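As structure tokens, the structure follows; a few thoughts come after it.
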Amino acid sequence: KRRVTLMIVLPLSMWGAAAWLGQDLRSWSLALRGVAFGAALLLTYLCLWSLAVILSREARLMFSRAMATTLMLGVLLLIIEIPAATGLLDYSELFGRLSGDRTGPAATFTFDRDLSYARPAHVSWEGRPRSDMARRYNLPFRAADRHTFTTDSHGFRNRREIDRADIALIGDSYIEGSYVSDEDTVATALEELTGLTVVNLGRSGYGSLQELVVLRRYALPLGPRMVAWFFFEGNDLYDDQSFEDSMLYLRDHDTYDKSKRPPFREASFSVYSFLFARRLLYPIVPNVVPASGWFHDERGQRHGMYFHNYAALEWREYEEERFTKTRQALIEAERECLESGCRLSIFFVPMKFRVYGAYCAYPPHSPCAEWKPWDLADRFSDFCQQSGLDCLDMTAPMRRAAADGELLYAPEDSHWNRAGHRFVATLVRDTWLRHASASN
């Protein structure tokens, strides 16, 4: 009886320890989470076989079966891992597609010599995508409803072909509409609010240098009366660096090396199975995100808010150099818009933490309590004012909405939700009306 009790208590204790570590945000706890979860899985397996041996009338035979089964599973696992180790098969990609983790717009790109990459033309996808925070932290969260994602002949997110536009929207994943459906993007909402023809030229991962190419290649030929350019403070500076690196590579190569195999850790069957088990058992053994808090909306409902670590970024000489490239791109965009007879309006997109950070409560040891976003918002506004560029920093209106309990960002994602897209659409509409009134 003691041995039976021990074989039950041991794995339960380890699962309890894993569950406790999963909710603790101290650095040593974070480092031990995966180890504790793996140890709990292994200990459960060993204890189940031990119970079988203890309770069996033929203990030696059961022990032999346990050893043979374990050896067989080990050999089988080695055989399964051979394709991943040799680069022949990526189990993460394979099972991700089957389970829905890797399907949809998040991983669908094609080569483009001028832009480094683009979306494929005439793609239509429907499903419930995982949020970017779910993918980053291996969480089981998915969109509550089904999303559609449709591209036009140029690979931009437009449900119909547009050959003339009143307003062209240029930006990254915020404008493309990450984690919302086709009918919920800024472009769609803006068309409904104004009755104008609006083209969505946003694309996930683009920075200012790529967006300047988009302006020249796609926006201006449509003859818009206004170009709304959205600058996201979280990663646009770094996306420009990635684009420059890609262009340097493409000077000496026709395309990207598709033969390069993924690292074994990413392609491994064992690793994917472990991560899948982690998500599957999340309700029992949580995996609390360090950069998270709680926000109460206007109805008093509490939401878990997840943040990227953009607010931990520091302004260094490198960032100043990258910002110089951004300023040059925007000044060039203003010149080309004026030559084409349209108005350029720039919108500063604040990181989620800048909007909601002060209105959330945080668990003990959360890094969010110490975060203070950099001063890029002020630097950007000063640059636009000194350069005579029309610019709206969306931080203030979004903060007022947050103070009133409005949810403009998806709690489990770093992007705007449906309400956020419509909110931004109203700001663009008001800018359009202001320009129209000034010109009359």
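The values are calculated or read from the model by the stated rules, or taken from the named source; none is laboratory data. Predicted model only: the values in this text are computed from it and were never measured. Every residue, glycine among them, receives a Cβ derived from its backbone with ideal geometry; neighbour counts consider all protein chains shown. Accessible surface areas use protein heavy atoms only, side chains included; no ligands, DNA or RNA. Shrake-Rupley method; radii C 1.70, N 1.55, O 1.52, S 1.80 Å.
A few remarks follow.
- Asp245, Asp182, reordered so the largest accessible area comes first (probe 1.4 Å): Asp245, Asp182
- Sites listed here are GluC sites (Glu not before Pro) in segment 252-349 whose DSSP assignment is loop and whose Cβ has at most 10 other Cβ atoms within 10 Å: Glu298, Glu314.
- Share antiparallel - DSSP beta bridges, the chain, percent rounded to 5: 45
- Accessible area per residue in Å² at 1.4 Å probe, computed on the chain: 50
- Loop GluC sites (Glu not before Pro), segment 17-112 (other Cβ atoms within 10 Å of the site Cβ: 11 or fewer; DSSP): Glu58
- Most mobile of Ser153, Ser64, Ser273 in a GNM of the chain (Cα contacts under 10 Å): Ser64
- Amide H contacts of Val349: Phe231, Phe232, Glu233, each under 5 Å away and 5 or more positions distant or on a separate chain (H built 1.01 Å from N in the peptide plane; Pro and chain starts excluded).
- Each label point was placed 7 Å from the Cα along the Cα-to-Cβ direction; for Ile80 and Asp114 their separation is 4.7 nm.
- Full extension of the chain between Ala438 and Glu319 yields a length gain of 39.2 nm, computed as 0.36 nm times the residue separation minus the alpha carbon distance.
- Kyte-Doolittle at least -1.0, axis length at least 27 Å by Cα - qualifying DSSP helices, the chain: 2-21, 27-55, 59-85, 418-439
- Given 14 as the ceiling on other Cβ atoms within 10 Å, longest exposed-site-free region of the chain for trypsin sites (Lys or Arg not before Pro) in DSSP loops: 317-440
- Three-way shape label, segment 157-266, alpha-carbon gyration tensor, a/c 1.5: prolate
- For Tyr359 and Tyr238, the FRET efficiency from 1/(1 + (r/R0)^6), where r spans their Cβ atoms and R0 equals 35 Å, is about 0.80.
- Shape of segment 177-326, Cα gyration tensor, a/c cut at 1.5: oblate
- Overall form of the chain per C-alpha gyration tensor (a/c, 1.5; a/b vs b/c): prolate
- At most 16 other Cβ within 10 Å, DSSP loop - GluC sites (Glu not before Pro), segment 173-218: none
- Inter-label distance for Arg3 and Leu48, nm, one decimal - labels placed 7 Å from Cα along Cα-to-Cβ: 2.0
- Cα centroid separation - segment 1-77 against segment 399-440, whole Å: 52
- Under 12 Å from the Phe95 label point (7 Å along Cα→beta-carbon), backbone N, segment 233-275: 267-275
- In the chain, Cα pairs under 8 Å separated by at least six residues give a relative contact order of 17 percent.
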